[in-house]
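What follows is a short report on a single structure.
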Ligand code: F3S
């Protein structure tokens, strides 16, 4: 088959069917997709692992299961082992009888079947279900310069920005196709030009800005463009565990409140450390974020609850999944908050979500028992999957995740406000 794009001999052979009809079709789809975006070549995927966004066995995803079956039958499995987004249900998370019934009998009826398919296709570990796959405990951490075929927006923006890998914001199916065929169209964030910043964001706040709020403000302003942040290094110091956690939450908010796939932080992220302002395009626009701007953004969030004064029924923390550092510091904060209010347990049912591997490591430390004593539930689910149905949508849920706020009826509060609500609320 002849196409406009310049292909290597290997890529052309796949397109001509050397690895079977299905992979030829997959290659053709990727080539056509790339041509739409002006790509004139395909780049080999170089990361050790892939990451899949589709982790939930929704009844409605028939075509995905069919494609998976075809790939398994053609032996396309295990070319690139992968992690996947979080599981949608966990019996430890508080839910009503009716919610359970809907989850199990109407929504996620194909969960076991789909997990079985994922295992056959190359899931890196039986429990490799998390959006924060890049954390050390999970082990899917791309190297700088690696080319990826990922799709989970919070993971893509982290891999590009904090790890210096190269990945476009793909759809779930393009992600899967790129991974099984081992090549992705070369355009956008894979190229040096596409990684240049077209916005300078000057952070001029009087205290460390809330990660989720700053990310939201920048996402809504720059949309899919690349921002270069100056002034944030003052609050982050160096790229240690706390800074990585901050950037994880910040990035997820830029990616969901806008469509950011890459940001640079002066003095902090790898490309900005090496190339500095050479990364900024000549005609870059400027956005100044100060305390008043963050307050304006916060005040602009609509409250989707029917009864705006309702008492929260549930609190979700960990979208994206929490890091070990975050679980530890939050355990201390919740304990302190409870001591201050004279309570033994949290006042609102509260769920912290994290990767199964992070939960395991956390529970092996004394902090695991300490958090349990506060009444906080630890779970591996995706809060969005829990919320995404009319029954849960009616519940007054609070969160400090701007991604969860954007896609569901959950109400956003800052971390400090959440702490007050869960440790003092209800008095
Ligand atoms: Fe992760 Fe689910 Fe939030 S995949 S980023 S916990 S929406």
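Every number in this text was worked out from the coordinates using simple rules, so none of it is lab data. Please read these numbers as outputs of a predicted model, since none were measured by experiment. Don't worry about glycine lacking a Cβ; one is built from the backbone with ideal geometry, like all the others, and counts go over all protein chains shown.
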Ranked highest first by the average count of other Cβ atoms within 10 Å around their residues, in what order do 280-287, 161-168, 302-309 fall? 161-168, 280-287, 302-309
Surface/4 estimate of mean projected area, convex hull on alpha-carbon atoms of the stretch 314-424, nm²: 6.1 nm²
Assuming 0.36 nm per residue, please report the length gained on full extension of the stretch residue 283 to residue 388 beyond their Cα-Cα distance. 33.7 nm
Would you calculate the separation in nanometres between label points at residue 208 and residue 92, each defined as 7 Å from the Cα along the Cα-to-beta-carbon direction? 2.7 nm
By Cβ neighbour count within 10 Å, fewest first, 101, 187 rank 101, 187
Could you please rank 352, 37, placing first whichever residue has the fewest other Cβ atoms within 10 Å of its Cβ? 37, 352
In deg cm²/dmol, rounded to the nearest 500, the helical mean residue ellipticity at 222 nm of the chain, built from -39500 (n - 2.57) for every DSSP H run of length 4 or more, is -12000 deg cm²/dmol
How far is helix 172-181 tilted, in degrees, relative to the longest principal axis of the Cα atoms in the chain, given as a value from 0 to 90 rounded to the nearest 10? 40 degrees
Order the peptides 371-378, 389-396, 316-323 from the highest to the lowest mean number of other Cβ atoms within 10 Å of their residues. 316-323, 371-378, 389-396
Segment residue 35-residue 339, length gained on full extension (0.36 nm per residue, minus Cα span): 103.4 nm
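Semi-axes of the equivalent ellipsoid of the stretch 9-190: what are they in whole Å, largest first, if each equals the square root of 5 times a C-alpha gyration tensor eigenvalue?
Calculated on Cα positions only, the semi-axes equal 29, 20, 14 Å.
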Nitroxide proxy distance, nm - points 7 Å out along Cα→Cβ at residue 61 and residue 306: 3.0 nm
Helix 324-341 against the longest principal axis of the chain: what's the angle in degrees, Cα atoms only, rounded to the nearest 10? 10 degrees
Counting DSSP beta bridges with both partners in the chain, what percentage is antiparallel, nearest 5? 10 percent
For the chain, what are the per-bin percents of Cα-Cα distances with bins 20 Å wide, up to the bin holding the maximum? 26, 56, 17, 1
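Which value results for Rg/Rh of the stretch 167-311 when Rg is the Cα radius of gyration and Rh the Kirkwood radius based on the inverse mean 1/r?
Here Rg/Rh amounts to 1.02.
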